[in-house]
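Engineer: I'd like to ask some things about the structure below.
The values are calculated or read from the model by the stated rules, or taken from the named source; none is laboratory data. All values reported here derive from a predicted model rather than from experimental measurement. A quick note on method: Cβ atoms are made from the backbone with ideal geometry, for glycine too, and the neighbour counts reach across all protein chains shown.
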Amino acid sequence: MRNGNNGADRKAAGLLILVFALGIGLGIVAARLLAARATADAASRPPGTAQALLVGRLTQELDLTYDQQKQVSGILTDMQSKYNKIRQQEDPQYEQIRNLGRDHILHILTPQQRPKFEDFLQRLQKEHRNRDNQNR
C-alpha cells in the first residue's frame with residue numbers, strides 16, 4: 001500500500017521544491033527591488049548629498065580635519081564606483097533568476113491567467129524604465 005503513495009509523495013516533494021525555489025527567487029527579486037528603490041531615493045537627492053551627510057557626521061563625531069574630510073570623501077566616491085561595477089556584473093545573474101521565476105509562475109497559471117501575467121510584467125517593466133529615466 002505504501003508503494004501506491006510513492007508517486008504522490010514524489011509529486012508533493014517536487015511541488016514543495018518548486019515553491020521553495022520560487023520563494024527564494026521572489027525573495028531575491030524583492031530584495032533587488034528594495035535596493036533599487038533605495039538607490040533611486042538616494043539618486044533623487046542632489047548629487048553627493050548622502051556622501052556629504054556621511055562626511056558631515058564623521059566630521060562631527062571624529063572631529064575630522066579639512067584634509068581628512070577630502071580624503072574620506074574620495075574614499076567614499078571610490079567605494080561607490082566599485083559598488084556600481086559589482087551591480088553591473090550581478091545584473092545578468094538577477095535577470096536569469098527573474099526569468100526563471102517568471103517561467104515557473106507561467107507554468108502554474110491557467111491559459112486565461114497567462115496573458116494577464118504577461119501584461120502585468122510589461123507594465124512593471126515600463127514603470128521601471130520610467131523610474132530609471134527620471135533618475136538620470
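Engineer: Against the conditions (1) surrounded by fewer than 11 Cβ atoms within 10 Å (Cβ to Cβ); (2) modelled with pLDDT under 90, where does Ala43 fall short? Just the number, please.
Structural biologist: Every listed condition holds for Ala43 apart from (1).
Engineer: Enumerate the pairs (first residue in the stretch 82-100 and free of Cβ contacts under 8 Å to residues at least 24 places away in the same chain and surrounded by 11 or more Cβ atoms within 10 Å (Cβ to Cβ); second residue anywhere and assigned to a helix (DSSP H, G or I) and not charged (D, E, K, R)) with beta-carbon separation below 9 Å, excluding pairs fewer than 6 apart on the same chain, so at least 6 apart or on different chains.
Structural biologist: Close Cβ pairs (under 9 Å, with a partner that is assigned to a helix (DSSP H, G or I) and not charged (D, E, K, R)) amount to Arg87/Ala35; Arg87/Thr39.
Engineer: Out of Ile75, Ile17, Ile24, which single residue is at pLDDT below 85 and either among the hydroxyl-bearing types (Ser, Thr, Tyr) or part of a helix (DSSP H, G or I) (or both)?
Structural biologist: Values: Ile75 fails: at pLDDT below 85; Ile17 fails: at pLDDT below 85.
Answer to the selection: Ile24.
Engineer: Going residue by residue through the stretch 104-115, is there one that turns out to be over 30 Å from Leu22 (Cβ atoms), in a helix (DSSP H, G or I), hydrophobic (A, V, I, L, M, F, W, C) and modelled with pLDDT of 90 or more? Give the steps one after another, and end with the answer.
Structural biologist: In the first step, residues of the stretch 104-115 are kept if they are over 30 Å from Leu22 (Cβ atoms); the result is none.
No, that holds for no residue.
Engineer: Something else about it: Between a first residue in the stretch 62-80 that is hydroxyl-bearing (Ser, Thr, Tyr) and a second residue that is assigned to a helix (DSSP H, G or I), which pairs have beta carbons less than 6 Å apart while being 6 or more apart in sequence or on different chains?
Structural biologist: Ser73/Val55
Engineer: Please determine whether any residue of the stretch 108-131 is surrounded by 10 or more Cβ atoms within 10 Å (Cβ to Cβ) and among the aromatic types (Phe, Trp, Tyr).
Structural biologist: Yes, some residue in the stretch 108-131 is surrounded by 10 or more Cβ atoms within 10 Å (Cβ to Cβ) and among the aromatic types (Phe, Trp, Tyr).
Engineer: I've got another one for you. Against the condition at pLDDT below 90, on the phi < 0 side of the Ramachandran plot and out of contact with any helix residue (DSSP H, G or I) (no Cβ under 6 Å at 6 or more places or on another chain), how does Glu127 come out, does it pass?
Structural biologist: Numbers: at pLDDT below 90: yes; on the phi < 0 side of the Ramachandran plot: yes; out of contact with any helix residue (DSSP H, G or I) (no Cβ under 6 Å at 6 or more places or on another chain): yes.
Judged against the criteria, Glu127 is a match.
Engineer: From the residues in the stretch 79-103 that are among the basic types (Lys, Arg) and within 13 Å of Gly25 (Cβ to Cβ), which one is modelled with the lowest pLDDT? Lay out the reasoning, then the answer.
Structural biologist: Looking only at the stretch 79-103, we keep the residues that are among the basic types (Lys, Arg), and these are 82, 85, 87, 98, 102.
Checking the rest, the ones that are also within 13 Å of Gly25 (Cβ to Cβ) come to 98, 102.
Working: Arg98: 87, Arg102: 90.
The qualifying residue modelled with the lowest pLDDT is Arg98.
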